[in-house]
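Input: a single structure, listed below in structure tokens.
The values are calculated or read from the model by the stated rules, or taken from the named source; none is laboratory data. Bear in mind the structure is a predicted one, so any value in this text is a computation, not a measurement. Here the Cβ is made from the backbone with ideal geometry for all residues, glycine too, and neighbour counts use every protein chain on show.
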Amino acid sequence: MPQKLTNYQKHERFWCGFTHLRVAWIFVAFCGWAVFLNWRDLDKPFSRPDVIELLFYVLFVVVYTPIFWMVLRCFTERFVIGIATVHTAITIFSWFAPSLFLSSLFNSVTVSIRRVFLALWIVAFLLSLNMPVQAVRNPYVELEKIPSCEVRLSVTGNLAGVTRSWPKLRELQELAGWSALSRFMSAPSGPSRPSA
């Protein structure tokens, strides 16, 4: 029976933007789109959502945000989720208290909120540009797909390389009994045959 994956393992395996290129580009596109939308609406007052939009926004804040928060673990991912959640919560609040968000270009609350969110989305976009670079440099590799003999040879090769380069370390290795370990790991696997 397969083991149940923890939230951290799910994030690492499927959703991490720093190891999966598709997820990284989705974050870059989303942050770029948010920057464009906030720049376009910079000098416009908040529009009051209708009832159906309001229900969707409440559903997003109450249900989807905790799910995304559990699944997405990296700082940049959580930063984007946090900005989107606060922006949505302010939209919900504008429905209940429309007097704070008057339809005026000179309303100091509206102008400052729009500018702060534009700055936050620009920061999120700049942070997200690092994700595809890291995903190309460090792609996710499942350890189950690597044959055990390759792992054993790479560990043995690393131990041999270190012991050749530092003679004092070789003495320490022999004192600790690591030379027997490296010989054991480099031995072929399988049942031993009796010598004739």
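Listing for the model above:
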| quantity | calculated |
| --- | --- |
| Any pair with Cβ under 8 angstrom, 6 or more apart, that starts in region 16-45 at a residue that is in the same structural domain as Trp121 (by TED's automatic domain parsing) and ends at one that is small (Gly, Ala, Ser) and exposed (fewer than 13 other Cβ atoms within 10 Å of the Cβ) | Pro45/Ser103; Pro45/Ser104 |
| Residue among Ile113, Ile92, Ile81 that is under 25 Å from Phe14 (Cβ atoms) and part of a helix (DSSP H, G or I) | Ile81 |
| Set Leu5, Leu59: member being of a type outside the set (S, T, N, Q), free of Cβ contacts under 8 Å to residues at least 24 places away in the same chain, farther than 22 Å from Thr110 by Cα and not in a helix (DSSP H, G or I) | Leu5 |
| Selection count, region 8-55, where residues are of a type in the set (Gly, Ala, Ser) and part of a helix (DSSP H, G or I) | 4 |
| Test result for Val63, surrounded by 15 or more Cβ atoms within 10 Å (Cβ to Cβ) and modelled with pLDDT of 90 or more | no |
| Criterion: assigned by TED's automatic domain parsing to the domain that holds Tyr57, under 28 Å from Leu21 (Cβ atoms) and among the polar types (S, T, N, Q) - qualifying residue of Thr85, Thr110 | Thr85 |
